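Everything below concerns the one structure shown next.
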Amino acid sequence: MQDAPKHILVIRLSAMGDVAMTVNVLRAFTQQYPDVKLTVLTRAFFKPFFRDLKNVSVFHADVKHEHKGILGLYKLSKELKALKIDAVADLHNVLRSNILKTFLFGIKTVQIDKGRAEKKALVSGQEFKQLKTTHQRYADVFKTLGFPIDLSNPNFPEKKPLSKKVIETIGNSQKKRIGIAPFAAHESKMYPLDLMQEVIEQLAEKYTVLLFGGGKKEIQTLTYFESQEKGIINLAGKLSLDEELDVVSNLDVMLSMDSGNSHIAAMLGVKTMTIWGVTHPYAGFTPFNQPEDFCLLADRTQYPKIPTSVYGNKFPEDYKNAAGSIPVKTVVEKIQSVIPA
């Protein structure tokens, strides 16, 4: 490929799930174009996501302090230019990344098409159909830069050996391990916690159940769940992100909401079940390489306006517990069908 870029800056600053979704695309890229260097511009916290990728480095954007505002972005652009990047793949396409790109003038730039018009038609009820996945939208950016990516035959990292600290935290039971992440940014995307408690306690009878979350309120809830039954272990606040990724890589299945944890599990090649409330897989945020029937959906005969929004932040008041229309029995039996005890 003549005059093809040799060093591409990849921009995706947030949020956790969106950053995690870049990983499988970048892994495929590095395997199909091993001579091209990638530098990912993201938050420092997300650096462990990229630890298994060859020829990929992470540049930390400190948008709250050092790189804050116009002057901070100008400083950031000078630091990035010093890396001798010759193309930019903007997988974020927000005001901050657009301002940054104006300072990187002269460098070929392609930004993601988020499909806003199609998504608006979906949530308004005009057209109920599967839209392009976010993973494919990311891949399309690289295709426009001259690097088509085949995502159809993915590879994943090996399970990570668990450290002594991690084993002491999760135990060394020979039972199969189920990760459960019951929380999401919006309550409308969550399975009602009383029903989730039933799911957790039923699964704990045959499996080791590891609970994932963060923040004081979530930790309190997960600690309560842990206290109710043997075989339930709350990991929230106990491990670093690196250690959590090690644990996730060793799960037999992850049960998550339509949230970042589902994308973290999927990026590691773990079987990932998702529960959907007022959002819907048609918007393109299904975890990578997962079967369609791993998505457990709220009942649209009861809640015909689903999806009410792309991110779960807009919904009629009586839709808040839409995910509760999925029976506990359905969730438990689905997991048991995938990993018999």
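General observations
- Approximate spin-label separation Ala82-Arg300, in nm, with each point projected 7 Å along Cα-to-Cβ: 5.2
- Projecting the Cα atoms of Val253, Ser309, Leu235 onto the charge dipole of the range 205-341, computed from C-beta unit charges around the Cα centre, puts Ser309 farthest toward the positive end.
- Rounded to two decimals, the Cα radius of gyration of the range 190-323 over 2.2 N^0.38 Å is 1.07.
- With protein chains left intact and a 1.4 Å probe, residues in the chain average 47 Å² of accessible area per residue.
- Think of it as helices only: each DSSP H run of n ≥ 4 in the chain is worth -39500 (n - 2.57), and spread over all residues that comes to -10500 deg cm²/dmol at 222 nm.
- Charge dipole of the range 209-293 (Cα centre as origin; +1 on each Lys and Arg Cβ, -1 on each Asp and Glu Cβ, all else neutral): 240 debye, rounded to the nearest 20.
- Distance between the pseudo-spin-label points of Ser240 and Asp318 (7 Å out from Cα toward the beta carbon): 5.1 nm.
- Computed over protein heavy atoms with a 1.4 angstrom probe, the accessible surface ordering of Tyr191, Tyr311, largest first, is Tyr311, Tyr191.
- Modelled label positions at Lys217 and Phe45, each set 7 Å beyond Cα in the direction of Cβ, lie 1.6 nm from each other.
- Burial order of peptide ranges 248-254, 34-40, 179-185 (average beta-carbon count within 10 Å, highest first): 179-185, 248-254, 34-40
- Accessible heavy-atom area order of Arg96, Arg12, highest first, probe of 1.4 Å: Arg96, Arg12
- When only alpha carbons are used to place a centre, the range 158-232 and the range 306-327 end up 24 Å from one another.
- Working ranking of peptides 261-269, 212-220 by packing, defined as the average number of other Cβ atoms within 10 Å per residue, highest first, is 261-269, 212-220.
- Sites Lys108 and Gln136 - FRET efficiency at Förster radius 25 Å, r taken between beta-carbons, to 0.05: 0.75
- Fraction of accessible area attributable to carbon and sulfur, the chain (%, probe 1.4 Å): 51
- Basic side chains Lys and Arg get +1 at the Cβ, acidic Asp and Glu get -1 at the Cβ, and with that the dipole of the range 165-273 about its Cα centre reaches some 160 debye.
- For the chain, a simple Cβ point-charge model (Lys and Arg +1, Asp and Glu -1, everything else neutral) yields a dipole of about 1000 debye relative to the Cα centre.
- Build a GNM of the chain with springs between Cα atoms under 10 Å apart, and of Arg51, Arg300, Arg116 the one that fluctuates most is Arg116.
- The range 150-193: GluC sites (Glu not before Pro) in DSSP coil with no more than 16 other Cβ atoms inside 10 Å: Glu158
- Ordered by solvent-accessible area of protein heavy atoms (1.4 Å probe), largest first, the residues Tyr33, Tyr207 come out as Tyr33, Tyr207.
The values are calculated or read from the model by the stated rules, or taken from the named source; none is laboratory data. Owing to the predicted nature of the structure, the values given are computational and were not obtained by experimental measurement. Using ideal geometry, Cβ is built from the backbone for each residue, glycine included, and neighbour counts are taken over all protein chains shown. To get the accessible areas, we keep the full protein, side chains included, count just its heavy atoms, and leave off ligands, DNA and RNA. Shrake-Rupley method; radii C 1.70, N 1.55, O 1.52, S 1.80 Å.
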